[in-house]
């Protein structure tokens, strides 16, 4: 983050993917033989996120779309993990789904006039998967699926905040200190999601 904020690209290129990989390594070290595969799916998401980190460090629409694709796969991995918590939980409120759907619509309405034509379908697909991941985590939390679901729900929310800030800054209008805000919320999201994998295995 310091490299991005101070204009040191070498530090940014090194530490952005490395930080994500270190978060993945923490989860890997704490993994256990979880029968439902929850930690393994989170690890897959973290590794795909590191790939996305690399693509998004470079300019150009092609790299941006490649990074978007990598993060879409990461969110699918997270979503599949959170579905495991949801299936295991009791019945409860479903309000996070319409709430996040409203957030998705607001994001797309804001971005749409500013998106290049070639990016519209990839961005719509990405936003749909992003909010599906975040809303599934939130519903699992509200259904009392344990402390792991609480960390996941907060991580999903941070991811939405990070990506919305990044998209607005890139396509609509520059935001002050956007790089710091995006990276701080992004790494908090990844750390919380990894923490949910640890909590699912009883690691405190």
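Just so it is clear, none of the values below were taken in a lab; they were calculated from the coordinates. Since the model is a prediction, treat every value here as computed from it, not as a measurement. FYI the Cβ positions are ideal-geometry reconstructions off the backbone, even for glycines, and counts take in every protein chain you see.
Quick notes on this structure:
- Cβ-based exposure ranking for 47, 21, in which fewest neighbours within 10 Å come first: 21, 47
- This ranking places 126, 78 by how few other beta-carbon atoms lie within 10 Å of each, fewest first, which gives 126, 78.
- Spin-label zone in the range 164-200 - amide nitrogen under 11 Å from a point set 7 Å from the Cα of residue 59 along the C-beta vector: none
- Here r is the Cβ-Cβ distance between residue 172 and residue 97 and R0 is 25 Å; the resulting FRET efficiency, rounded to 0.05, is 0.45.
- Fewest neighbouring Cβ atoms within 10 Å first, the residues 141, 28, 79 line up as 28, 79, 141.
- Percent of Cα-Cα distances greater than 26 Å, calculated over the range 2-200: 30 percent
- Cα gyration tensor shape of the range 78-153, rounded if a/c is under 1.5, else prolate or oblate by comparing a/b with b/c: prolate
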